[in-house]
Amino acid sequence: MNGLMMDMPLLISDLIRHADRHHGDTEIVSKRVEGDFHRYTYRDAHSRSKRLAKALGGLGVKMNDRVATLAWNGYRHFEIYYAVAGSGAVIHTINPRLFAEQIVYIANHAEDKVLFIDLTFVPLVEKLAANLKTVKHFVIMTDRGHMPKTTLPSALCYEELIEANDDKLEWPTFDEKTASCLCYTSGTTGNPKGVLYSHRSTMLHAYAAALPDALNLSAADTILPVVPMFHVNAWGLPYSCALMGAKLVFPGPHLDGKSLHDMFENEGVTMSAGVPTVWLGLLNFMKESKLRFSTLKATVIGGSACPPAMIRTFQEDYGVKVLHAWGMTEMSPLGTVATFKGKHAKAEKDARYAVQNKQGRAIFGVDMKIVDTEGKTLPNDGKAFGDLLVKGPWVTSSYFKNEGGDPLMDGWFPTGDVATIDPDGYMQITDRSKDVIKSGGEWISSIDLENIAVAHPGIVEAAVIGVRHPKWDERPIVVAIKKPGATVTKEELLNFYEGKIAKWWMPDDVVFVEQLPHTATGKLSKLTLRGEMKDYVLPTA
Ligand code: ADP
C-alpha cells in the first residue's frame, strides 16, 4: 500500500519559487565586476530567472542541454543557476582558474551549447573560442552600455536577453532524477572528470546543508559565500539560502581582505564560507588594520584541512564560530561538519578544540567507513586509519560519459582520503592518499605537520611533502612562507615540533620560500610543489 501524499518531484525551480513567495522582499546584494553594488530581492531574482529561461528557449536550449558559465559570484550567475536547471537543462560551471587547455577540454567534453561569460573572462574566451567546438552562443553578462568590443562571434548581451522576454512562465515539471548541474573535478591526475548532479540530489543536499548541525542556516541570516559558484556550486549555498530565505551577499571578483571586510560590515553578514587560503588573507588584513567583525557569527571552512590555529584565532580573537567541514565535488560537496554533541557541553576547552579540529560527523544522508588495503572495514576507534569510503543520495555513482569506468567499490565511493573515525563518529583526515608520507613502512600525516608549522607565530603558510630517502623511502620536509619581518630559523621551527609529535615524524628539513603553489580552487598544490622541488636533495640523505 502506498502512502497518500502528493506525488511531487523535488525540483530546483521550487526553491526560487518558494523564496519569491515566502521571502520575496529579502535582499540579494552583489558587488559587480564593474565595481558598483547591485541590490534586488528574491522576487526580482525569480522574475528575471523566468525571463532568462524564456530567452534560453529562444536560443534553442532544450532539456538536458549543457549551458556553461565562466563567472564570479553574483546575481546574474544566480539567475543562470535557476533559469538553466529550472528549464530542465544542465548548468555547467567552469572554473576560470583552470589552465586554458583544461577549459577547452571540459567545455568540449560537456558539449556546452551556450556559454555565459563575466566581463573579466571575455579576453580569455576570445583566445579559446576557435577551439570550443559545440558552443553556439556566447552571452556576455552585462548591459548594453558595458558591452565590450569583442571578437567573439555574434556575442549576445545578457541584459538584452532579459529585456526581450517577459516572466510569464510556469516552470516545467519533470522527473527529479533529471540532471541539473555539472562540475568537473580539478583532475590532479589525468583529465578532469564530470560530476553530474540531479535535481533530487541537489534538493536533498540543500535540505541537509541547512540543518542546525550542518551549516545552521536561517531566514535571519545574511550569508556571503566566498567559495566560488564554480567550486562545487559554492558548496550548495545558492540553493540552501533560497530554501531558507536567507539574505545573500555576492562578492564578485572582489575577494581581497578590505573588500570582504567592508561587505561583511556594511551588509551585516552573519555567516560565510570559504577555503583556508581565503581566510588566511582576510585574517592577516584584519590584524594589520586592527579591525573587528561586528555581525559575523560563524564561518564554514573546508576544501582543505583548517589549521587548528585558524580555528582558535577566529573564535578567540574575533568571536566567530568555525564550522570545519569536509566534502568533495563527488559529494555535492558536503559530507561531514565538526559540530558538538550534547556530551561536549561541559568538556574542557582543549577537548572541544579537539572535536573542531577534526573534519566532523557525517550529516544524515552520508554514510562513511574506513577500510584497509584489502577492503576490510577498520574499527571506529579514532586510531586505526584507512581509505575513507562514502555512500549516499548525493554521492556520485559514476562520472559523466562513464569516464574512468565504474568508480565504486561494493557500492561505496572511494574518496581518495585517508582518515580515522572515532567512537563518537567524528572523522579526521590524515591525508589525501597521494600526499601521505611513507617513511620506513609507516605513515606520516602531512596535514598534522602543516598544522603545527602554521601555529608558529613566524609562519604564514606551510606545505609538508615527502622526499626520497635512501634508507627510509620518504622523509617529510616543511616548505614554508615566513610572516613579513619574522626572523624564524630552521632550527627554531624544528624545535617548535619537539613534544608535539612522535620523534620519527620530525621533518628532516625546512625550506623557506616566498610563495607556495595553489590549485584552481585555492588549495595548496602539492603536486606542483613536488615538481618544483624535484632537484632538492635531503641534507640527511
Ligand atoms: P579538488 O580540490 O580536486 O577540486 P574537491 O574540491 O572535490 O576537489 O576536493 C575534495 C578533497 O579536498 C577531499 O577529498 C579532501 O582531500 C580535501 N578536503 C576537503 N575538505 C577538507 C577538510 N576539511 N580537511 C581536509 N581535507 C579536505
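Among (1) open to solvent by less than 20 Å² (accessible area, probe 1.4 Å); (2) in contact with a helix residue (DSSP H, G or I) (Cβ under 7 Å, 6 or more places away or on another chain); (3) more than 14 Å from the ligand (Cβ to nearest atom), which single condition is Met271 missing?
Only one criterion in (1) open to solvent by less than 20 Å² (accessible area, probe 1.4 Å); (2) in contact with a helix residue (DSSP H, G or I) (Cβ under 7 Å, 6 or more places away or on another chain); (3) more than 14 Å from the ligand (Cβ to nearest atom) is unmet by Met271, namely (2).
Quick one: would you say Asp262 is away from the ligand (no atom under 16 Å from the Cβ), more than 26 Å from Thr519 (Cα to Cα) and in contact (Cβ under 8 Å) with a residue 40 or more places away in the chain?
Answer is no for this residue.
Taking the range 505-541, which residues are loosely packed, with under 15 Cβ neighbours inside 10 Å and of a type in the set (Lys, Arg)?
Lys534
Identify all residues within the range 421-458 that are among the β-branched types (Val, Ile, Thr) and farther than 22 Å from Ala354 by Cβ; write none if there are none.
Ile437
Could you say whether any residue in the range 89-96 is in contact with a His (Cβ under 9 Å, 6 or more places away or on another chain) and not β-branched (Val, Ile, Thr)? Break it down into steps so the answer makes sense when it comes.
First, pick out the residues of the range 89-96 that are in contact with a His (Cβ under 9 Å, 6 or more places away or on another chain): 93, 95.
Now restrict to residues that are not β-branched (Val, Ile, Thr): 95.
Among the residues of the range 89-96, at least one is in contact with a His (Cβ under 9 Å, 6 or more places away or on another chain) and not β-branched (Val, Ile, Thr), which makes the answer yes.
Kindly check whether there is at least one residue in the range 486-504 that is modelled with pLDDT of 90 or more, buried (at least 17 other Cβ atoms within 10 Å of the Cβ) and within 22 Å of Trp279 (Cα to Cα).
No, the conditions are met nowhere in the range 486-504.
For the range 366-459, please list each of the strands (runs of 3 or more DSSP E) lying entirely inside it that holds at least 3 residues being closer than 29 Å to Ser198 by Cβ and within 16 Å of the ligand (Cβ to nearest atom).
Strands (runs of 3 or more DSSP E) meeting the threshold: 367-371, 386-391, 413-421, 426-432.
Being part of a helix (DSSP H, G or I), surrounded by 24 or more Cβ atoms within 10 Å (Cβ to Cβ) and of a type in the set (A, V, I, L, M) is the filter here; which residues of the range 55-84 pass it?
Leu56, Ile80, Ala83, Val84
For the range 216-242, which positions are more than 18 Å from Gly74 (Cα to Cα) and either in contact with a Phe, Trp or Tyr (Cβ under 8 Å, 6 or more places away or on another chain) or of a type in the set (S, T, N, Q) (or both)?
Result: Asn216, Ser218.
Go through Asp14, Asp20, Asp44 for me and flag whichever is surrounded by 20 or more Cβ atoms within 10 Å (Cβ to Cβ) and assigned by TED's automatic domain parsing to the domain that holds Thr142.
The match here is Asp20.
Being of a type outside the set (A, V, I, L, M, F, W, C), over 15 Å from Lys321 (Cα atoms) and in contact with a strand residue (DSSP E or B) (Cβ under 7 Å, 6 or more places away or on another chain) is the filter here; which residues of the range 360-378 pass it?
Passing the criteria: Arg361, Asp367, Lys369, Asp372, Gly375, Thr377.
Only residues that are of a type in the set (S, T, N, Q) and crowded, with 23+ Cβ neighbours inside 10 Å: list them for the range 226-262, please. Full working, then the answer.
We begin by selecting, within the range 226-262, every residue of a type in the set (S, T, N, Q); these are 233, 240, 259.
Correct list: Asn233, Ser240.
For the range 514-530, indicate whether the set of residues that are of a type in the set (A, V, I, L, M, F, W, C) and either on the phi > 0 side of the Ramachandran plot or more than 16 Å from the ligand (Cβ to nearest atom) (or both) is non-empty.
no
Taking into account only those residues within the range 434-450 that are touching a residue at least 60 places away in the same chain (Cβ under 8 Å) and open to solvent by 30 Å² or more (accessible area, probe 1.4 Å), which is farthest from Glu498 (Cα to Cα)?
Lys434
Counting only residues that are part of a helix (DSSP H, G or I), free of Cβ contacts under 8 Å to residues at least 12 places away in the same chain and farther than 19 Å from Leu280 by Cβ, how many does the range 480-538 have?
Number satisfying all stated conditions: 4.
β-branched (Val, Ile, Thr) and open to solvent by 40 Å² or more (accessible area, probe 1.4 Å): does that describe Val278? Please lay out each step first, then the result.
Details: β-branched (Val, Ile, Thr): yes; open to solvent by 40 Å² or more (accessible area, probe 1.4 Å): yes.
Judged against the criteria, Val278 is a match.
Please specify each residue of the range 16-54 satisfying the condition of being under 18 Å from Ala220 (Cβ atoms) and either outside any strand (DSSP E or B) or not hydrophobic (A, V, I, L, M, F, W, C) (or both).
His18, Ala19, His22, His23, Gly24, Asp25, Thr26, Glu27, Thr41, Tyr42
Restricting to the range 105-161, name every residue that is of a type in the set (S, T, N, Q), open to solvent by 20 Å² or more (accessible area, probe 1.4 Å) and over 13 Å from Thr69 (Cβ atoms).
Those that are of a type in the set (S, T, N, Q), open to solvent by 20 Å² or more (accessible area, probe 1.4 Å) and over 13 Å from Thr69 (Cβ atoms): Asn108, Asn131, Thr134, Thr150, Thr151, Ser154.
Quick grid of which residues meet (1) in contact with an Asp or Glu (Cβ under 8 Å, 6 or more places away or on another chain); (2) acidic (Asp, Glu); (3) within 16 Å of the ligand (Cβ to nearest atom); (4) in the same structural domain as Asn95 (by TED's automatic domain parsing):
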{"position": "His254", "(1), (2), (3), (4)": "no, no, no, no"}
{"position": "Gly257", "(1), (2), (3), (4)": "no, no, no, no"}
{"position": "Leu280", "(1), (2), (3), (4)": "yes, no, yes, no"}
{"position": "Glu288", "(1), (2), (3), (4)": "no, yes, no, no"}
{"position": "Ser294", "(1), (2), (3), (4)": "yes, no, no, no"}
{"position": "Val300", "(1), (2), (3), (4)": "no, no, yes, no"}
{"position": "Gly303", "(1), (2), (3), (4)": "no, no, yes, no"}
{"position": "Ile311", "(1), (2), (3), (4)": "no, no, yes, no"}
{"position": "Gln315", "(1), (2), (3), (4)": "no, no, no, no"}
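Using the structure shown, decide if Arg97 is open to solvent by 20 Å² or more (accessible area, probe 1.4 Å) and at pLDDT 95 or above.
Taking the combined requirement at face value, the residue does not satisfy it.
Counting just the residues of the range 322-348 that are farther than 15 Å from Pro393 by Cα and crowded, with 17+ Cβ neighbours inside 10 Å, which one comes out nearest to the ligand (Cβ to nearest atom)? Working first, answer last.
Of the residues in the range 322-348, the ones farther than 15 Å from Pro393 by Cα are 322-326, 337-348.
The next check asks that each one be crowded, with 17+ Cβ neighbours inside 10 Å; those that pass are 322-326, 337-339.
Numbers: Val322: 11, Leu323: 10, His324: 6, Ala325: 6, Trp326: 4, Val337: 9, Ala338: 8, Thr339: 13 Å.
Checked the range 322-348; the qualifying residue nearest to the ligand (Cβ to nearest atom) is Trp326.
The values are calculated or read from the model by the stated rules, or taken from the named source; none is laboratory data. Because the structure is a prediction, the values reported are computed rather than measured. Using ideal geometry, Cβ is built from the backbone for each residue, glycine included, and neighbour counts are taken over all protein chains shown. Only protein heavy atoms, including side chains, enter the accessible area calculation; ligands, DNA and RNA are left aside. Shrake-Rupley method; radii C 1.70, N 1.55, O 1.52, S 1.80 Å.
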